[in-house]
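A short worksheet on the structure shown next.
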Amino acid sequence: IAWKGGPVFSKGAASFKVKGRIQYDAGMLATPHSVQDRAKGYSNELRRLRLGGEGQLGGGFGYKLELELSDNSVDLVDTFIGYEKGKWLVTLGNQNAFQSLDELISDTGGSVMERAAFTDAFGFERRLGLSAQYRSGLLLAQAGIFSDSADSLTNDADGPDGGDENNSYGVDGRIVLAPKLGKTQLHFGLSGHWRDFQRLSETPQRYRQRAYLHSANSRFLSTPRIAADGETHYGAEFAGVRGPLWWAGEAHWLRVSRPGLADPTFFGGYGEVGYVLTGESRGYRNGIFGIVKPARPVGSGGWGALQATLRYDYLSLNDRDIVGGTQNAIIAALVWTPVEYLRFNVNYARLDYSDAAILAGGRKDYGVDVIAWRAELDF
Amino acid sequence: IAWKGGPVFSKGAASFKVKGRIQYDAGMLATPHSVQDRAKGYSNELRRLRLGGEGQLGGGFGYKLELELSDNSVDLVDTFIGYEKGKWLVTLGNQNAFQSLDELISDTGGSVMERAAFTDAFGFERRLGLSAQYRSGLLLAQAGIFSDSADSLTNDADGPDGGDENNSYGVDGRIVLAPKLGKTQLHFGLSGHWRDFQRLSETPQRYRQRAYLHSANSRFLSTPRIAADGETHYGAEFAGVRGPLWWAGEAHWLRVSRPGLADPTFFGGYGEVGYVLTGESRGYRNGIFGIVKPARPVGSGGWGALQATLRYDYLSLNDRDIVGGTQNAIIAALVWTPVEYLRFNVNYARLDYSDAAILAGGRKDYGVDVIAWRAELDF
Amino acid sequence: IAWKGGPVFSKGAASFKVKGRIQYDAGMLATPHSVQDRAKGYSNELRRLRLGGEGQLGGGFGYKLELELSDNSVDLVDTFIGYEKGKWLVTLGNQNAFQSLDELISDTGGSVMERAAFTDAFGFERRLGLSAQYRSGLLLAQAGIFSDSADSLTNDADGPDGGDENNSYGVDGRIVLAPKLGKTQLHFGLSGHWRDFQRLSETPQRYRQRAYLHSANSRFLSTPRIAADGETHYGAEFAGVRGPLWWAGEAHWLRVSRPGLADPTFFGGYGEVGYVLTGESRGYRNGIFGIVKPARPVGSGGWGALQATLRYDYLSLNDRDIVGGTQNAIIAALVWTPVEYLRFNVNYARLDYSDAAILAGGRKDYGVDVIAWRAELDF
C-alpha cells in the first residue's frame, strides 16, 4: 500500500487507487448598473464532485473509471481502458481529444480557477474514441478518432423520435516538443482538429462563454445559432518553467463550416506568467503542467505553498456576418496549497466586452469585474 | 488496516475509509375508507443508497465525499473539506446546519424510521456553507453561514431564464451542554436559525409533511403557498441516557416572514423514551445519539441487540390565517441490530389529523395508521 | 489483501471489494434501402459504467451495492443485503428474479454481446424483493417475492398526481439440476413467474426489441399498447460444458392477462454452441455460466483466450389479435480475453423479420445485418 492522497494498492503488475475530487466555488460579479441580468452579485455552487478509481490489470492493460456530479447531474469524465507498451499508449473510451494545453491541465491543477475563454466557447469536452500516444525523449505525439460525448450518444439524446443514432465523428492530433535548456523546461505544441457533424448538423451550433465565474450562468458572449455541418480548429502552445517561475501562452482558431455560406473563423488565446512565492516549482510532465507540491506543508512545520499568476485572456466570436462579441480579460490568481491534494484559489478578473450578447442599457461595449474563490480537493 | 464495517486505511496522518449505505423500506398505510388517495395500501422503495469515502490528508485537513441515490436521482449528502485543530473544527462544503438533535442523528442511527414531522415540514436539508465548531468539556458550540442546497444552486435550478444566481443565505447556530451526573448522560441544546430568501422570495414557500411513511408520497398536512422573504426558527433539545434507557424531547418554532402581512409561526416537537432490551446502551457522542452496538452479535454466539422506542410527535402548521393542519402521532418502534452496521426496523404509527390537506369525504379531522419496516446497512 | 481484478480486503469474517465495470460499444446496422429510420449506419455508446462494492459484515451477513450509469442516467443494479447459513441464502433488496439462464449470466460474461431477444422484449429487470436460495449437491432452488424496479417505485415515477404508490408484485421461482457426467457438466433448469400489475394496469404494456445492437435504439419488433392486468411467464433451460466446448438453449413463454379479452402468449428462445479456441473451459457455477479465464494471459508469455459462439435467436410477438412481429436471427461472436477481467467482443448478426414494426417501403418482411464490437472491463 502506497499513498497518493488516498491509498494505492498493488499486487504484482496489478494496482488500484480510489479517486475523489471536491470543488466548491463562490464569487461576486459586478456589472454596470444598466445590465439587467440575474447573474449579478453573489453566487456559489458545488462546482465538481468526482468519485472513481484507476488501476492496472496486468499485461500493460489499465483503466480509469470516474463519475462526476456537476450541476447536480451525473457526467462522465475520464472513463477508459488503456494499453501501454514501451513508448506507446493506446486508449479506448471517454477521454480528452488533445484540444489544448489549458484544456488538458487538470481543473485542480490550473493556475487560475477557470480555463481560457476559448476552451468553453469552442465546446471542448471529453468524447468517446480511440487514441494513440507516442512518447520518446523530447517528443510527445497524440492522435485519435472520436465520436461524441457520452451523454450526446445516449438513447434519448437525439430527439423524441430519434434514438441515439448520432453519427458525428472527428479526428484530432497534437504534437509537443519539450526540450530542456539548462534549468529551463520549454514546451512547444501544435494541435489540429477536424470534425464532421453528420446528422448533428440538423441542429444549429452556438458558441458562447460566461463572465469567467461558472456559478453565474449568463453568457455575456454568444453567437446566434449557426447552421453548420462541421468544424476545423487548430492551436499553438508555448510554455516554460524555470525554478519557481513559469509562463504559458496559446492561440486557437476555430472555423465553422457553413454549407452555402462563407465560413467564419473565431479566435481565442491567452498568455500568463506565474511564480511560486514559496520557492517550489510548478510540475511539468507528459506535455502538461501539474500542481505545486508544497515543500513545507501544514502539519510539518510549514505553511504550504503559495503561487501567483497573472493572465491575459482574449476571445473573439466576431467574423464574417457573425457577431458573438469579443473579450479582453485580465485575471490575477493566488493559489494556496496547505497540504498536497488540497488548494484554495482566489481570483480577480476584469473582463472588457465589445458586442456583448447582454446589453448594458443600450451599450454592447462595457466591462465587468469578478472576484471568485474556490476550495478544491483532488486525490 | 483497521475495520469499521469496511476497511480503514491509514499511513502517518493520512487515512481513507470507503462508505456505503443501503435502506430498503416497505409499509402499509390505512386511512378511513372515504379518503380518495393513491397513497393508501402497500408501498415500498429503495429509500437511500449511498456510496462515498472519507479521509484525512494530513496537517489537520480531512474530507467526506458522498453520493446518494434517493428516489432514483443523485443527491449530494455530506461533501465537505474540514480542518481540525485542538478544540476547533472548521468545515467548508455541503453539510447540515445544526438544525436539531433529531435531524443531526444519522438516518441509520435513529430510534424510529423517520425523523420528527417538523424536520421535513420545516425543510431541513444540507446546505453549502462554512461552519465552525468548538468543543470543550461539557460544551459544544456550532455556528455557520450557509447559502442553499447544492441542487438548488445548479445552473438550471433557478427558472428557465435564470441560471444559478440563487443568492439566498442564512446563519445558523447551536449550543449543547452535555453534563454527566453519575451514570446519567444528559443533553441540553438550543439552536437558532435565520435565513433571507433573497431572490428565492419570488417563488412562494410551502410547508408540508407525509403520513410518516416516506414511500407513500401524499402530504396529509400542507400549507398553501406562502409569499415569504425569509424564515427564523429556533429549537430546544433535552435528552439523556442511563444504561439501557434513553429519552429525548425537542420543541421547534418556525416563523415565516411575510412582507406586508402578519408572520405565522409553526410549531413541532416530540418526546420519546427508549430501552435496549438486550442491555446495551445507545451511544451518545459529539452532541448526538449514535447506534446501539450489539454486545453479542449474530455469529459470535448471540442474537444481536434489540431496542424499543415509544415516541409522541406533534406538528402544527396552523397560525394566523394559514391552515396547514395539525398532527398528533404515537410511534412505536422495534430495532434489531444482528451485527454492527446492519439494522432491521419495524414501526407502528397512529397519526391523528385536524385540518388535513387531504379530505376524508367531507371531513378534515381523522386518523390514519401506518405499519412500516426497513432494512438498513451503513458503514 | 487478496486480488480479483481489484483488491479484496478482509479481516476475520468481514471483507470488502471495490467493483467496477466499463462497456464501450460500437456497431453498424445495415437495413434495406427502403427503411426510413435513423438507426441505420454507424452508432456507438458507453453501454454501461458501474461503480460499487461488495462485502461481508460477519455473522453470515453480506451486501452488494452498485451504481450503474447507463444512457447517462443512474440506474440501480445489484443492491442488496444477504444472509447465508449453510445451504441457504436469503437476499433482500434490488436483485434479479431468476428470469432465465441468459438473463442471469453477467453481461460481461455472455457468449455474445446482447442477451437473447426475449429477455428485453419480456421486460426482464432487477426488482426490489425478498428471495431465498437453497443449494445442495446437484440442486439449486430459488424463489422470491418482488415488487417493481427501484426506479418504478420512486416518488415521481407514478404519474404527476400519483406519488410512488405503485403496488404491483410478483412471485418468481427457478429450479436447476446440474449433474456431472464424467467430464461433462450438464444444466437443466425450469423457471416460473407470475405478476399482478395492480394499479400499474392503468397504463398499457408494450413488448418490443431492438435489432440486436443496443446503441441503435429503434425497435424493429413491437406490439401495440396492450391493456393488461398481469403476466405469467415460464422458461426451460438446457446447457452443458465439456472441456473447451459448451452449448446452451432456452425456451420462454410469456402470457399477458387481458381483462375481458383472450390472453396472447409470446414466445422466445435460442440455441447456441461455443468453443474456446485456446483450449480453456467456460466457467460454470451456481446455475450460470461464467467467464473464460485465460491460461496464458498477455504479459505472461501468451495471447490470452479466444472463444467463438454461434447462436440462433428466435422471438415471436404475434399471438391472438396482437401483431408485434417475429425475429429469426443468426449471431456469430468472437471474444478475446487478453487478461482476466478484460474482454473484446466482435459480433455479426443477421436478423430476419416478419411483421416488423418498421416498414421497408411497403414491406414488413425483410432482413437486417449488424456488425458490433465491444470493449469490456469488469472486476
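The values are calculated or read from the model by the stated rules, or taken from the named source; none is laboratory data. This one's a predicted model, so the numbers in the text were calculated from it and none came from an experiment. Every residue, glycine among them, receives a Cβ derived from its backbone with ideal geometry; neighbour counts consider all protein chains shown.
Where strands (runs of 3 or more DSSP E) fall wholly inside the stretch B:39-97, the ranges with 3 or more residues that are away from chain A (no Cβ under 13 Å), under 21 Å from the mean Cα position of the chain (by Cα) and crowded, with 23+ Cβ neighbours inside 10 Å are B:41-58. Of the set (1) in contact with a strand residue (DSSP E or B) (Cβ under 7 Å, 6 or more places away or on another chain); (2) at pLDDT 90 or above; (3) farther than 14 Å from residue C:113 by Cβ, all apply to residue C:43 but (3).
Taking the stretch A:113-211 as the region of interest, the strands (runs of 3 or more DSSP E) fully inside it that hold 3 or more residues being among the polar types (S, T, N, Q) are A:127-136, A:184-196.
Considering only residues of the stretch C:275-311 that are surrounded by fewer than 18 Cβ atoms within 10 Å (Cβ to Cβ) and of a type in the set (Lys, Arg), which is nearest to the chain's Cα centre (by Cα)? My answer is C:285.
Do the conditions hold for residue B:127, that is, is it touching a Pro at 6+ places or on another chain (Cβ under 8 Å) and either free of Cβ contacts under 8 Å to residues at least 60 places away in the same chain or within 14 Å of chain A (Cβ to nearest Cβ) (or both)? Criteria not met by residue B:127.
Could you list, in sequence order, the residues of the stretch C:29-38 that are over 17 Å from residue C:364 (Cα atoms) and either at the interface with chain A (Cβ under 8 Å from one of its Cβ atoms) or over 22 Å from the mean Cα position of the chain (by Cα) (or both)? Result: C:38, single match. Residue-level analysis places residue C:14 among those that are among the aliphatic types (A, V, I, L, M), more than 10 Å from chain A (Cβ to nearest Cβ) and more than 29 Å from residue C:362 (Cα to Cα).
Being more than 24 Å from residue C:135 (Cα to Cα), free of Cβ contacts under 8 Å to residues at least 12 places away in the same chain and not in a strand (DSSP E or B) is true for just one of C:279, C:299, C:260. Which residue is that? After applying the criteria, what remains is C:260. Test residue B:316 against the stated conditions and say whether it is more than 14 Å from chain C (Cβ to nearest Cβ), free of Cβ contacts under 8 Å to residues at least 60 places away in the same chain and within 20 Å of the chain's Cα centre (by Cα). So residue B:316 fits the description; yes.
Of all the residues in the stretch B:282-296, those that are in contact with a His (Cβ under 8 Å, 6 or more places away or on another chain) and not in a loop (DSSP other than H, G, I, E, B) number 1. Here the stretch C:100-148 is the region considered, the condition is being more than 10 Å from the chain's Cα centre (by Cα) and of a type in the set (Phe, Trp, Tyr), and the residue that is farthest from residue C:337 (Cα to Cα) is C:146.
The condition of being hydrophobic (A, V, I, L, M, F, W, C) and closer than 18 Å to residue A:248 by Cβ holds for only one of A:315, A:377, that being A:315. Residues that are touching a residue at least 60 places away in the same chain (Cβ under 8 Å), of a type in the set (Ser, Thr, Tyr) and touching a Pro at 6+ places or on another chain (Cβ under 6 Å) do not occur anywhere in the stretch A:303-313.
Here is a yes/no grid of residues against (1) under 29 Å from residue A:171 (Cβ atoms); (2) in contact with a strand residue (DSSP E or B) (Cβ under 7 Å, 6 or more places away or on another chain):
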| site | (1), (2) |
| --- | --- |
| A:235 | yes, yes |
| A:255 | yes, yes |
| A:258 | yes, yes |
| A:264 | yes, yes |
| A:273 | no, yes |
| A:278 | no, yes |
| A:284 | yes, yes |
| A:288 | yes, no |
| A:302 | no, no |
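Could you pull out the residue among C:212, C:234 that is on the phi > 0 side of the Ramachandran plot and under 18 Å from the mean Cα position of the chain (by Cα)?
Going through C:212, C:234 in turn, just one is on the phi > 0 side of the Ramachandran plot and under 18 Å from the mean Cα position of the chain (by Cα): C:212.
State whether the residues of the stretch B:53-61 include one that is under 22 Å from residue B:170 (Cα atoms) and of a type outside the set (Val, Ile, Thr).
no
Exactly one condition in (1) within 13 Å of chain A (Cβ to nearest Cβ); (2) touching a residue at least 24 places away in the same chain (Cβ under 8 Å); (3) surrounded by fewer than 20 Cβ atoms within 10 Å (Cβ to Cβ); (4) touching a Lys or Arg at 6+ places or on another chain (Cβ under 6 Å) is not met by residue B:8; state its number. Residue B:8 satisfies all of (1) within 13 Å of chain A (Cβ to nearest Cβ); (2) touching a residue at least 24 places away in the same chain (Cβ under 8 Å); (3) surrounded by fewer than 20 Cβ atoms within 10 Å (Cβ to Cβ); (4) touching a Lys or Arg at 6+ places or on another chain (Cβ under 6 Å) except (2).
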